[in-house]
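Working notes, structure below.
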Amino acid sequence: MTMDRRSLLKGVAAAGAGAAVTALPLEASTPKPEIPPDAFGMLYDATLCIGCRACVTACKEANAMPGNLYNPPEDLSGDTKNIIKVWHRDQPDQSYMKAQCMHCLDPACVRACMIGSFQKREFGIVTWDPTKCIGCRYCQVACPFAIPKFQWEKAMPKIVKCELCNHRINDSTGKPMPACCEVCPKEAVIAGDYRDLLAEAQRRIDEHPERYYPAGAPKIYGAEDGGGTQVLYLAGVDFENLGLPDLGTEPAGISAAAIQHTIYKGFVAPVALYGILGAVMWRNRRSGKEEE
Ligand code: SF4
Ligand code: SF4
Ligand code: SF4
(Lines give C-alpha, C1' and ligand atoms only; values in the text may rest on other atoms or scores of the structure.)
(Ligands and ions follow the chains in the order given, each with its own letter.)
Protein backbone atom coordinates (compact mmCIF):
# COMPACT_ATOMS: atom_id res chain seq x y z
CA MET A 1 0.00 0.00 0.00
CA THR A 2 1.28 3.50 -0.78
CA MET A 3 0.18 6.86 0.56
CA ASP A 4 -0.57 9.81 -1.70
CA ARG A 5 0.15 13.47 -0.90
CA ARG A 6 -3.43 14.18 0.27
CA SER A 7 -3.50 11.26 2.72
CA LEU A 8 -0.04 12.22 3.92
CA LEU A 9 -1.00 15.84 4.61
CA LYS A 10 -4.15 14.65 6.41
CA GLY A 11 -2.00 12.39 8.58
CA VAL A 12 0.43 15.20 9.28
CA ALA A 13 -2.44 17.55 10.27
CA ALA A 14 -3.76 14.92 12.65
CA ALA A 15 -0.30 14.48 14.11
CA GLY A 16 -0.06 18.22 14.64
CA ALA A 17 -2.87 17.89 17.19
CA GLY A 18 -0.27 16.86 19.67
CA ALA A 19 0.93 13.27 19.50
CA ALA A 20 4.52 12.93 20.73
CA VAL A 21 6.34 10.66 18.32
CA THR A 22 10.00 9.77 18.45
CA ALA A 23 11.85 10.17 15.13
CA LEU A 24 13.04 6.93 13.57
CA PRO A 25 16.77 6.19 13.91
CA LEU A 26 18.79 7.09 10.81
CA GLU A 27 21.54 4.99 9.31
CA ALA A 28 24.93 6.20 10.51
CA SER A 29 27.08 4.73 7.76
CA THR A 30 26.67 3.29 4.30
CA PRO A 31 28.17 0.08 2.92
CA LYS A 32 29.64 0.21 -0.60
CA PRO A 33 26.61 0.47 -2.89
CA GLU A 34 25.73 -2.50 -5.06
CA ILE A 35 25.30 -2.14 -8.80
CA PRO A 36 21.71 -3.15 -9.68
CA PRO A 37 21.75 -6.32 -11.85
CA ASP A 38 19.82 -4.54 -14.64
CA ALA A 39 21.61 -1.18 -14.24
CA PHE A 40 21.14 1.13 -17.23
CA GLY A 41 23.01 4.37 -17.74
CA MET A 42 24.77 6.84 -20.01
CA LEU A 43 28.34 7.56 -21.04
CA TYR A 44 29.29 11.14 -22.01
CA ASP A 45 32.63 11.61 -23.72
CA ALA A 46 33.47 15.32 -23.62
CA THR A 47 36.32 14.83 -26.12
CA LEU A 48 33.80 13.86 -28.84
CA CYS A 49 31.13 16.48 -28.08
CA ILE A 50 30.88 19.34 -30.61
CA GLY A 51 28.46 21.42 -28.54
CA CYS A 52 25.64 21.28 -31.09
CA ARG A 53 23.04 21.04 -28.29
CA ALA A 54 20.84 18.65 -30.28
CA CYS A 55 20.63 16.67 -27.03
CA VAL A 56 19.24 19.70 -25.18
CA THR A 57 16.47 20.21 -27.74
CA ALA A 58 15.67 16.48 -27.84
CA CYS A 59 15.45 16.40 -24.06
CA LYS A 60 12.99 19.28 -24.05
CA GLU A 61 10.85 17.66 -26.73
CA ALA A 62 10.87 14.26 -25.01
CA ASN A 63 9.85 15.86 -21.71
CA ALA A 64 7.40 18.43 -23.15
CA MET A 65 9.36 21.35 -21.74
CA PRO A 66 9.51 24.86 -23.21
CA GLY A 67 12.60 26.20 -25.04
CA ASN A 68 14.51 25.52 -28.24
CA LEU A 69 17.90 25.75 -29.95
CA TYR A 70 17.48 29.44 -30.75
CA ASN A 71 17.01 30.27 -27.10
CA PRO A 72 19.39 27.80 -25.40
CA PRO A 73 19.11 27.51 -21.62
CA GLU A 74 22.16 28.51 -19.60
CA ASP A 75 21.66 26.10 -16.74
CA LEU A 76 19.48 23.33 -15.38
CA SER A 77 16.18 24.77 -14.20
CA GLY A 78 12.50 24.06 -13.59
CA ASP A 79 12.09 23.52 -17.33
CA THR A 80 15.52 22.16 -18.34
CA LYS A 81 16.69 18.63 -17.45
CA ASN A 82 19.80 18.55 -19.63
CA ILE A 83 22.36 21.23 -20.43
CA ILE A 84 25.56 21.65 -22.45
CA LYS A 85 28.10 24.05 -20.97
CA VAL A 86 31.48 25.24 -22.26
CA TRP A 87 34.66 25.46 -20.20
CA HIS A 88 37.43 27.82 -21.46
CA ARG A 89 35.60 28.83 -24.63
CA ASP A 90 38.00 29.34 -27.59
CA GLN A 91 41.02 28.27 -25.53
CA PRO A 92 43.22 25.33 -26.61
CA ASP A 93 41.87 23.25 -23.73
CA GLN A 94 38.20 24.14 -24.33
CA SER A 95 35.77 21.42 -23.31
CA TYR A 96 32.04 20.90 -23.45
CA MET A 97 30.15 19.45 -20.52
CA LYS A 98 26.75 17.75 -20.47
CA ALA A 99 24.95 17.96 -17.14
CA GLN A 100 21.91 16.00 -15.98
CA CYS A 101 21.12 13.65 -13.09
CA MET A 102 23.97 11.17 -12.46
CA HIS A 103 21.68 8.35 -11.26
CA CYS A 104 23.99 7.66 -8.33
CA LEU A 105 24.36 4.10 -7.03
CA ASP A 106 23.76 5.50 -3.52
CA PRO A 107 21.64 8.58 -4.27
CA ALA A 108 21.85 11.29 -1.63
CA CYS A 109 18.48 12.65 -2.81
CA VAL A 110 16.79 9.32 -2.02
CA ARG A 111 18.31 9.24 1.44
CA ALA A 112 17.40 12.89 2.12
CA CYS A 113 13.77 12.59 0.97
CA MET A 114 11.82 11.87 4.14
CA ILE A 115 8.65 10.96 2.26
CA GLY A 116 10.11 8.47 -0.21
CA SER A 117 9.22 10.67 -3.18
CA PHE A 118 12.71 10.08 -4.57
CA GLN A 119 13.34 6.39 -5.23
CA LYS A 120 15.93 4.24 -6.96
CA ARG A 121 13.87 1.98 -9.18
CA GLU A 122 14.07 -0.53 -12.03
CA PHE A 123 17.32 -0.25 -14.02
CA GLY A 124 18.72 1.78 -11.11
CA ILE A 125 16.96 4.92 -12.39
CA VAL A 126 16.40 7.57 -9.72
CA THR A 127 12.82 8.82 -10.02
CA TRP A 128 10.67 11.46 -8.32
CA ASP A 129 6.99 10.89 -7.44
CA PRO A 130 4.86 14.10 -7.49
CA THR A 131 2.06 12.45 -5.49
CA LYS A 132 4.34 12.08 -2.45
CA CYS A 133 6.52 15.22 -2.61
CA ILE A 134 5.73 17.93 -0.01
CA GLY A 135 8.19 20.46 -1.51
CA CYS A 136 10.67 20.50 1.41
CA ARG A 137 13.57 20.51 -1.14
CA TYR A 138 15.97 18.56 1.08
CA CYS A 139 16.84 16.67 -2.12
CA GLN A 140 18.29 19.92 -3.51
CA VAL A 141 20.45 20.40 -0.43
CA ALA A 142 21.64 16.80 -0.41
CA CYS A 143 22.58 16.30 -4.08
CA PRO A 144 26.37 16.69 -4.46
CA PHE A 145 25.88 17.58 -8.14
CA ALA A 146 23.20 20.30 -7.58
CA ILE A 147 20.81 18.56 -9.98
CA PRO A 148 17.22 18.75 -8.65
CA LYS A 149 15.55 22.05 -9.56
CA PHE A 150 12.34 23.52 -8.19
CA GLN A 151 9.65 25.28 -10.25
CA TRP A 152 9.51 28.42 -8.10
CA GLU A 153 7.34 30.30 -10.58
CA LYS A 154 4.57 27.66 -10.80
CA ALA A 155 1.41 27.56 -8.68
CA MET A 156 1.84 23.77 -8.32
CA PRO A 157 5.65 23.50 -8.40
CA LYS A 158 7.46 20.28 -9.19
CA ILE A 159 10.99 19.04 -8.64
CA VAL A 160 12.62 18.68 -12.06
CA LYS A 161 15.49 16.38 -12.97
CA CYS A 162 16.44 13.79 -15.60
CA GLU A 163 14.76 10.42 -15.02
CA LEU A 164 16.72 8.77 -17.84
CA CYS A 165 13.65 9.02 -20.10
CA ASN A 166 12.02 6.15 -18.23
CA HIS A 167 8.73 7.14 -19.90
CA ARG A 168 10.21 6.16 -23.29
CA ILE A 169 10.57 2.38 -23.09
CA ASN A 170 11.65 0.43 -26.16
CA ASP A 171 8.97 -2.23 -26.76
CA SER A 172 11.43 -4.83 -28.02
CA THR A 173 14.18 -4.44 -25.39
CA GLY A 174 12.09 -3.21 -22.45
CA LYS A 175 14.86 -0.66 -21.77
CA PRO A 176 14.60 3.16 -21.63
CA MET A 177 15.41 5.22 -24.73
CA PRO A 178 17.12 8.47 -23.60
CA ALA A 179 16.22 11.03 -26.26
CA CYS A 180 19.53 12.88 -25.84
CA CYS A 181 21.46 9.77 -26.86
CA GLU A 182 19.27 9.07 -29.90
CA VAL A 183 20.12 12.40 -31.56
CA CYS A 184 23.81 12.86 -30.73
CA PRO A 185 25.62 12.97 -34.11
CA LYS A 186 29.04 12.09 -32.63
CA GLU A 187 28.18 9.31 -30.14
CA ALA A 188 29.48 11.71 -27.52
CA VAL A 189 26.60 10.57 -25.34
CA ILE A 190 25.41 6.98 -25.54
CA ALA A 191 23.06 4.89 -23.42
CA GLY A 192 23.15 1.23 -22.51
CA ASP A 193 23.72 -1.37 -19.84
CA TYR A 194 25.99 0.04 -17.16
CA ARG A 195 28.60 -2.70 -17.40
CA ASP A 196 28.76 -2.36 -21.21
CA LEU A 197 29.25 1.41 -20.83
CA LEU A 198 32.13 0.87 -18.42
CA ALA A 199 33.72 -1.50 -20.94
CA GLU A 200 33.17 0.97 -23.79
CA ALA A 201 34.74 3.80 -21.77
CA GLN A 202 37.77 1.63 -21.06
CA ARG A 203 37.98 0.65 -24.75
CA ARG A 204 38.07 4.34 -25.74
CA ILE A 205 40.81 5.02 -23.19
CA ASP A 206 42.86 2.05 -24.41
CA GLU A 207 42.47 3.17 -28.03
CA HIS A 208 43.37 6.84 -27.45
CA PRO A 209 44.98 7.24 -24.02
CA GLU A 210 46.46 10.61 -25.07
CA ARG A 211 42.96 12.12 -25.35
CA TYR A 212 41.89 11.59 -21.80
CA TYR A 213 42.43 13.12 -18.36
CA PRO A 214 44.53 12.65 -16.33
CA ALA A 215 47.54 12.13 -18.61
CA GLY A 216 49.22 8.80 -18.03
CA ALA A 217 46.36 7.26 -16.06
CA PRO A 218 43.02 8.30 -17.63
CA LYS A 219 40.00 7.99 -15.43
CA ILE A 220 36.32 7.15 -15.92
CA TYR A 221 34.48 9.63 -13.69
CA GLY A 222 31.59 7.87 -11.97
CA ALA A 223 33.12 4.39 -11.93
CA GLU A 224 33.83 4.92 -8.22
CA ASP A 225 33.23 8.61 -7.47
CA GLY A 226 30.69 9.19 -4.73
CA GLY A 227 30.28 5.39 -4.50
CA GLY A 228 29.61 5.23 -8.27
CA THR A 229 27.15 6.81 -10.68
CA GLN A 230 25.22 5.27 -13.56
CA VAL A 231 26.14 8.23 -15.74
CA LEU A 232 29.84 7.98 -16.61
CA TYR A 233 32.19 10.66 -17.99
CA LEU A 234 35.36 10.79 -20.03
CA ALA A 235 37.08 14.15 -20.54
CA GLY A 236 40.30 15.73 -21.75
CA VAL A 237 40.49 18.19 -18.83
CA ASP A 238 40.21 18.02 -15.05
CA PHE A 239 36.70 16.86 -14.16
CA GLU A 240 36.44 19.55 -11.48
CA ASN A 241 36.71 22.21 -14.21
CA LEU A 242 33.56 20.68 -15.70
CA GLY A 243 31.67 20.89 -12.42
CA LEU A 244 32.16 17.26 -11.42
CA PRO A 245 33.32 17.45 -7.78
CA ASP A 246 36.05 15.35 -6.21
CA LEU A 247 33.86 13.20 -3.95
CA GLY A 248 36.35 10.44 -3.21
CA THR A 249 34.98 6.91 -3.32
CA GLU A 250 32.71 7.14 -0.25
CA PRO A 251 29.03 6.68 -1.17
CA ALA A 252 27.39 10.09 -1.67
CA GLY A 253 24.44 9.03 0.48
CA ILE A 254 26.57 9.34 3.62
CA SER A 255 26.57 13.12 3.26
CA ALA A 256 22.76 13.08 2.94
CA ALA A 257 22.48 11.07 6.14
CA ALA A 258 24.65 13.74 7.80
CA ILE A 259 22.36 16.48 6.43
CA GLN A 260 19.35 14.65 7.86
CA HIS A 261 21.02 14.43 11.26
CA THR A 262 21.90 18.15 11.17
CA ILE A 263 18.40 19.22 10.13
CA TYR A 264 16.66 17.11 12.74
CA LYS A 265 19.09 18.18 15.45
CA GLY A 266 18.06 21.82 14.96
CA PHE A 267 14.32 21.08 15.07
CA VAL A 268 13.11 20.47 18.60
CA ALA A 269 9.51 21.76 18.50
CA PRO A 270 8.25 19.91 15.40
CA VAL A 271 9.68 16.57 16.48
CA ALA A 272 6.20 14.99 16.31
CA LEU A 273 5.74 16.19 12.73
CA TYR A 274 9.14 14.90 11.63
CA GLY A 275 8.53 11.62 13.41
CA ILE A 276 5.34 11.16 11.40
CA LEU A 277 7.11 12.07 8.16
CA GLY A 278 9.87 9.59 8.96
CA ALA A 279 7.30 6.87 9.69
CA VAL A 280 5.53 7.55 6.39
CA MET A 281 8.84 7.39 4.53
CA TRP A 282 9.70 4.08 6.20
CA ARG A 283 6.22 2.72 5.39
CA ASN A 284 6.41 3.83 1.74
CA ARG A 285 9.82 2.24 1.33
CA ARG A 286 8.70 -0.99 2.98
CA SER A 287 5.57 -1.24 0.80
CA GLY A 288 7.74 -0.49 -2.26
CA LYS A 289 9.99 -3.41 -1.34
CA GLU A 290 6.95 -5.67 -0.84
CA GLU A 291 5.59 -4.68 -4.27
CA GLU A 292 8.92 -5.60 -5.85
S1 SF4 B 1 21.95 12.69 -5.70
FE2 SF4 B 1 21.70 14.18 -7.39
S3 SF4 B 1 22.82 13.29 -9.10
FE4 SF4 B 1 22.56 11.64 -7.59
S5 SF4 B 1 20.67 10.59 -8.24
FE6 SF4 B 1 20.05 12.18 -6.78
S7 SF4 B 1 19.54 14.00 -8.02
FE8 SF4 B 1 20.71 12.60 -9.31
S1 SF4 C 1 17.88 10.84 -20.50
FE2 SF4 C 1 16.04 11.97 -21.20
S3 SF4 C 1 15.57 13.38 -19.50
FE4 SF4 C 1 17.69 12.64 -19.17
S5 SF4 C 1 18.99 14.20 -20.15
FE6 SF4 C 1 18.62 12.61 -21.70
S7 SF4 C 1 16.79 13.30 -22.82
FE8 SF4 C 1 16.89 14.50 -20.93
S1 SF4 D 1 24.11 16.13 -29.21
FE2 SF4 D 1 26.08 15.12 -28.76
S3 SF4 D 1 27.63 16.40 -29.78
FE4 SF4 D 1 25.74 17.63 -29.70
S5 SF4 D 1 25.96 18.81 -27.78
FE6 SF4 D 1 24.81 16.94 -27.24
S7 SF4 D 1 26.38 15.47 -26.56
FE8 SF4 D 1 27.46 17.14 -27.66
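The values are calculated or read from the model by the stated rules, or taken from the named source; none is laboratory data. Keep in mind it's a predicted model, so treat the numbers as computed, not measured. Please note: Cβ atoms are built from the backbone with ideal geometry, for glycine as well, and neighbour counts cover all protein chains shown.
Pick out the one residue from 100, 91, 140 that is polar (S, T, N, Q), away from ligand 2 (no atom under 13 Å from the Cβ) and closer than 25 Å to residue 188 by Cα.
Only one candidate qualifies: 91.
Please tell me if residue 133 is crowded, with 18+ Cβ neighbours inside 10 Å, in contact (Cβ under 8 Å) with a residue 40 or more places away in the chain, part of a loop (DSSP other than H, G, I, E, B) and not assigned by TED's automatic domain parsing to the domain that holds residue 62.
Spelling it out, residue 133 is indeed crowded, with 18+ Cβ neighbours inside 10 Å, in contact (Cβ under 8 Å) with a residue 40 or more places away in the chain, part of a loop (DSSP other than H, G, I, E, B) and not assigned by TED's automatic domain parsing to the domain that holds residue 62.
From the residues in the range 123-166 that are more than 30 Å from residue 246 (Cβ to Cβ) and polar (S, T, N, Q), which one is nearest to ligand 1 (Cβ to nearest atom)?
151
The conditions are (1) at pLDDT below 95; (2) not in a helix (DSSP H, G or I), and residue 282 fails exactly one of them. Which is it?
(2)
Search the range 151-186 for residues being more than 8 Å from ligand 2 (Cβ to nearest atom) and of a type in the set (Gly, Ala, Ser), and hand back the single one that is modelled with the lowest pLDDT.
155
With respect to residue 69, is the statement that it is modelled with pLDDT under 95, within 16 Å of ligand 3 (Cβ to nearest atom) and either among the basic types (Lys, Arg) or out of contact with any Phe, Trp or Tyr (no Cβ under 6 Å at 6 or more places or on another chain) (or both) true?
Criteria met by residue 69.
Checking residue 115 against (1) crowded, with 18+ Cβ neighbours inside 10 Å; (2) not in a loop (DSSP other than H, G, I, E, B), which single condition isn't satisfied?
With respect to (1) crowded, with 18+ Cβ neighbours inside 10 Å; (2) not in a loop (DSSP other than H, G, I, E, B), residue 115 is out only on (2).
Looking at the range 202-232 only, could you name the residues that are assigned to a helix (DSSP H, G or I), under 24 Å from residue 107 (Cα atoms) and touching a residue at least 40 places away in the same chain (Cβ under 8 Å)?
Passing the criteria: 226, 227.
May I ask you to say which residue of 51, 67, 78 is more than 15 Å from ligand 2 (Cβ to nearest atom) and over 18 Å from residue 176 (Cβ atoms)?
From the options 51, 67, 78, the qualifying one is 51.
Are any residues in the range 166-191 in contact (Cβ under 8 Å) with a residue 60 or more places away in the chain and among the aliphatic types (A, V, I, L, M), and if so, which ones?
Of everything in the range 166-191, those that are in contact (Cβ under 8 Å) with a residue 60 or more places away in the chain and among the aliphatic types (A, V, I, L, M) turn out to be 179, 183, 188, 189, 190, 191.
Out of all the residues in the range 93-102, is one or more more than 15 Å from residue 162 (Cα to Cα) and modelled with pLDDT under 95?
So far as the range 93-102 goes, yes, one or more of its residues are more than 15 Å from residue 162 (Cα to Cα) and modelled with pLDDT under 95.
Taking the criterion of being surrounded by 19 or more Cβ atoms within 10 Å (Cβ to Cβ) and part of a loop (DSSP other than H, G, I, E, B), would at least one residue in the range 181-201 satisfy it?
Yes, that holds for at least one residue.
Look at the range 72-93 and say how many of its residues are within 16 Å of ligand 3 (Cβ to nearest atom) and touching a Gly at 6+ places or on another chain (Cβ under 9 Å).
Residues flagged as within 16 Å of ligand 3 (Cβ to nearest atom) and touching a Gly at 6+ places or on another chain (Cβ under 9 Å) within the range 72-93 amount to 6.
Scan the range 141-162 for residues that are buried (at least 16 other Cβ atoms within 10 Å of the Cβ) and under 23 Å from residue 223 (Cα atoms) and report the count.
8
Among the residues of the range 39-84, count how many are within 16 Å of ligand 1 (Cβ to nearest atom) and either more than 27 Å from residue 121 (Cα to Cα) or in a loop (DSSP other than H, G, I, E, B) (or both).
The qualifying residues number 7.
Residues that are under 19 Å from the mean Cα position of the chain (by Cα), within 16 Å of ligand 2 (Cβ to nearest atom) and under 24 Å from residue 65 (Cα atoms): does the range 195-213 have at least one?
No.
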